[in-house]
Structure formats: structure tokens, C-alpha cells
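The values are calculated or read from the model by the stated rules, or taken from the named source; none is laboratory data. Worth saying up front: this structure is predicted, and the values here are computed from it rather than measured. Here Cβ is always computed from backbone atoms with ideal geometry, including for glycine, and neighbour counts include all displayed protein chains. The protein model used for the area step is the full one, side chains on, heavy atoms only, and it has no ligands, DNA or RNA in it. Shrake-Rupley method; radii C 1.70, N 1.55, O 1.52, S 1.80 Å.
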Amino acid sequence: MVEPLRELNALCQKPDYKTTGNWMVRTFLRDAALPATWLLLHTSISANQVTVLSLLIGCAGVFSLAVPGKGFFLLGAVLLQLWYYLDHVDGQIARYRKTNNLTGRFLDYLMHHVLHAALCFCAVFYVFSLTGQMFFAVWSFVGSLGIISFNMVPDVKYKTFFETVFTAPEAVAHRKQNPSAPLRKTPSSMHRMFSFFHKACEIHVMMNVFTMAALLQFFFAAPDLRVLLAVIYGVLTPLVAAVKIFY
């Protein structure tokens, strides 16, 4: 039995939900999310499922912004508002059911990175769809890359911090005192195969593969290897990303 709305607030909200976050979420959005949370708590839908649903809605919203027509403009704006609304519902469900975990936080951070970059891309790409000027298509990529880099800074800072912690003299000394403790499990054949494909998708490997292909094509009149590589990486990179994200 789900508690009534007047009691749900204390169970679903963060203790400092009125003092942290931006003005919009502090003032009304977190409170406004409670009715949807109350309804979904009567179902078996999990917090992570709500996160995935909100991601799909957000993607539909940003892509709608790239389509000409005032109807699509409005649709994209509404869908983005719905995404942001559901982005607060999933956390409330997780806190109520005590299922908040690292996976949920990971999905939430990932969703924000994807949609932020896609929003910037689609906003500029809309101008390209109207004018046909390649400059705006290039600009859309440059803009989304800028957003990715902007959002990447805190993540890189955390990675640098933890890398420093784990390579600190104390950590190294601990490993020397416990040499028999394995750092990781012995990789299986599937793990080795995935590692091979994962390495193939890393930027420096891709760069060298494309360089060798360009040299072969230039000096030995090879067929258009870029088409082949485009097909290979077009299939390989999303599969590797999906497996890595899922793992």
C-alpha cells in the first residue's frame, strides 16, 4: 500500500531537496514530480526503467528540434520538459523502494551527457536543414563536441583523482605486501575477444587503422577502404559501447 501524497514527500525526497539544485527543481519540480511517482509506485516499473524511458523521450525531443516546422519545435520543447520531469521521478522511486545504487546514478549521468550533446547538435543542425549550408552541419558537430568536452571535465577530474589514489605509495606498498592477491580475475575467451574489439575502437587505434588504409589506397590503388571501415566501425562501435555500458 503506497502512502498518500502528503506522507510520500518525506519518503521520496532528499533531506536537502529545498536547498540544493537549481531554482526550478528547488521551487516546484521536485514537488510536482510526486504525483507521477505516486502513480508509478502502484506498478512494477523500476527507477532504472523510468530513467531509460525518460532518455528515449529526451532523444525524441532533441531530434524533433532538428525538424523544420513550428509543430515539431513545440513537440521537441514539450518532450524535453517531460524528460526533465521524469528525471526527478526516477530518483524518488529509487529512494522510496530503497533501490538507489551506482547503476542508477551511472545511467542518470550518462543520460545527461547524451542529451546535452544531442541538444546542441540538433539545435544547430536545424539551421543546416533550412539552408543546406555545410557550415552549419560542421558547426553542429563542433558545438556538440564542445558540450561533451565541457561535461567531461568533472569526470576526468574524478578519474585523475582516483588514479592518483590507487597509484599512491601506500597503495603500491599494499600490493607489494600482498603479491598473491590478483588485481582482476583471469580473463575468459569472451573477455579477451571483447578486449580486442574494445581496443580496436579506441581513438589511437582507429587513427592508425585509417592511416594504413589511406596509405594502401594511395600507393596500391586499393578499393575505397573508407566505405569498408565505415561499415565495420558503424556496426562495431555501438555494439562495444552497448556491451561496455551494460557491463
Failed item, numbered, when LEU41 is tested on (1) surrounded by 15 or more Cβ atoms within 10 Å (Cβ to Cβ); (2) under 23 Å from the mean Cα position of the chain (by Cα): (2)
Exactly one of (1) of a type outside the set (D, E, K, R); (2) open to solvent by 80 Å² or more (accessible area, probe 1.4 Å); (3) within 22 Å of the chain's Cα centre (by Cα); (4) at pLDDT 85 or above is unmet by PHE121. Its number? (2)
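Yes or no, residue by residue, for (1) in a helix (DSSP H, G or I); (2) out of contact with any helix residue (DSSP H, G or I) (no Cβ under 7 Å at 6 or more places or on another chain); (3) surrounded by 10 or more Cβ atoms within 10 Å (Cβ to Cβ):
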{"position": "THR186", "(1), (2), (3)": "no, yes, no"}
{"position": "HIS191", "(1), (2), (3)": "yes, yes, yes"}
{"position": "PHE194", "(1), (2), (3)": "yes, no, yes"}
{"position": "LYS199", "(1), (2), (3)": "yes, no, yes"}
{"position": "HIS204", "(1), (2), (3)": "yes, yes, no"}
{"position": "PHE210", "(1), (2), (3)": "yes, no, yes"}
{"position": "GLN217", "(1), (2), (3)": "yes, no, yes"}
{"position": "PRO223", "(1), (2), (3)": "no, yes, no"}
{"position": "VAL227", "(1), (2), (3)": "yes, yes, no"}
Please go through segment 1-50 and give me each residue that is among the charged types (D, E, K, R) and either in a helix (DSSP H, G or I) or in contact (Cβ under 8 Å) with a residue 40 or more places away in the chain (or both), ordered by number. ARG6, GLU7, LYS14, ARG26, ARG30, ASP31
Which condition from (1) closer than 16 Å to CYS122 by Cβ; (2) open to solvent by 20 Å² or more (accessible area, probe 1.4 Å) is the one that LEU82 breaks? (1)
Among (1) within 19 Å of ARG105 (Cβ to Cβ); (2) open to solvent by less than 60 Å² (accessible area, probe 1.4 Å); (3) under 24 Å from the mean Cα position of the chain (by Cα), which single condition is MET24 missing? (1)
Assess whether LEU80 counts as being in a helix (DSSP H, G or I), closer than 30 Å to SER140 by Cα, at pLDDT 90 or above and of a type outside the set (Lys, Arg). yes
When ASN178 is run through (1) at pLDDT below 85; (2) under 29 Å from ILE57 (Cβ atoms), the failure sits at (2)
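Against the definition (β-branched (Val, Ile, Thr), open to solvent by 50 Å² or more (accessible area, probe 1.4 Å) and under 20 Å from the mean Cα position of the chain (by Cα)), how does VAL50 come out, yes or no?
Here the answer is no, as VAL50 does not meet what is asked.
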